[in-house]
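J.: Please read through the structure below; I'll follow up with questions.
The values are calculated or read from the model by the stated rules, or taken from the named source; none is laboratory data. Since the structure is predicted, the reported quantities are computational estimates derived from the model, not experimental observations. Ideal geometry is used to build each Cβ from the backbone, glycine not excepted, and the neighbour counts take in all protein chains shown. Only protein heavy atoms, including side chains, enter the accessible area calculation; ligands, DNA and RNA are left aside. Shrake-Rupley method; radii C 1.70, N 1.55, O 1.52, S 1.80 Å.
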Amino acid sequence: MKSDLTKHLIEFSKTVLISERRRTLEIIAVLLTAMGKFIFMDHLNWRLPYVVVAILAWSIYVYCRASKEKGILKYWGFRTDNFKKATKFIVPFVFVAVSSFFIIGWYQDTLNVTWHVLPLLLTYPIWGSIQQFLTIGLIAGNLNHLRVHKLIVVILTAILFSIVHYPSMWLMFGTFILALFYGYMYLKVKNIYVMGICHGWLGALFYYTVVNQDPFQDIFMNYFT
């Protein structure tokens, strides 16, 4: 019996044929977005403008493609029909991850969970969903259809996602593990909504327990002080 993902890919391929040229251009666009992080976030410290522009630009791209190509959203993973299945799949990983965060934070004395985490829990999933769309929907998805071996797809995606979070070693390690799991999840049940929400929540908690940083202060409060 074919997996749900395989069935959907066959169904989508009957209605929309994505050229290899478009797939390659999408991968290049994602890599350029990743490079922008080092320029605008790390070098120029334009963290909020960069995130806002990236979200808007890629949201417009998703909207334009969806308005022209029926089924593209579901193909990418913007779907609700498998939301419950994806949630059940990811819950054990989330439990282990959060438990590990607090254990590591307690051990290295970096637990600093303040009320600042609350707005991040609400807003970070938006950015998390875009990141998962770029890494899973476009990088992993396109590489997979360009006949790259599935194991290589998962590893390359994890390495790329980790490198983007340089120079924080903790963030590089954490995002590498996250991307490995999400790459595996992509092959089983792809749902950008579930991945994005969990990415946002795990990312927010990771900052305040393991990394000992306050991204809310760094990104938002500096604009009001």
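J.: Only residues in the range 30-49 that are aromatic (F, W, Y) count as the first member; pair them with residues that are open to solvent by less than 70 Å² (accessible area, probe 1.4 Å), Cβ under 8 angstrom, at least 6 apart or cross-chain, and list the lot.
T.: Matching pairs, first to second residue: F40/R47; F40/P49; F40/Y50.
J.: A204: among the small types (G, A, S), in contact (Cβ under 8 Å) with a residue 24 or more places away in the chain, over 24 Å from K85 (Cβ atoms) and out of contact with any Gly (no Cβ under 6 Å at 6 or more places or on another chain), yes or no?
T.: Here the answer is yes, as A204 does meet what is asked.
J.: Also, I was wondering about something else. Among the residues of the range 72-121, write down those that are surrounded by 13 or more Cβ atoms within 10 Å (Cβ to Cβ) and assigned to a loop (DSSP other than H, G, I, E, B).
T.: Listed by number, the residues that qualify are G77, F78, R79, N82, T110, L111, N112, V113, H116.
J.: Now for a separate question. Considering only the range 150-195, state which residues are within 20 Å of S100 (Cα to Cα) and of a type in the set (G, A, S).
T.: A158, S162, S168, G174, A179 - these are the residues of the range 150-195 that are within 20 Å of S100 (Cα to Cα) and of a type in the set (G, A, S).
J.: Out of L171, L138, L156, I need the residue that is in contact with a helix residue (DSSP H, G or I) (Cβ under 6 Å, 6 or more places away or on another chain) and of a type in the set (A, V, I, L, M). Which one?
T.: L138
J.: Might you let me know whether the range 50-71 holds any residue that is on the phi > 0 side of the Ramachandran plot and part of a loop (DSSP other than H, G, I, E, B)?
T.: yes
J.: Another one. Considering only helices (runs of 4 or more DSSP H) fully contained in the range 127-225, which possess at least 3 residues that are surrounded by fewer than 19 Cβ atoms within 10 Å (Cβ to Cβ)?
T.: Correct list: 150-163, 169-188, 215-219.
J.: A follow-up question, please. Take the residues in the range 1-47 that are among the aliphatic types (A, V, I, L, M) and modelled with pLDDT under 90, then tell me which one is farthest from D218 (Cα to Cα).
T.: Ranking the candidates gives M1 first.
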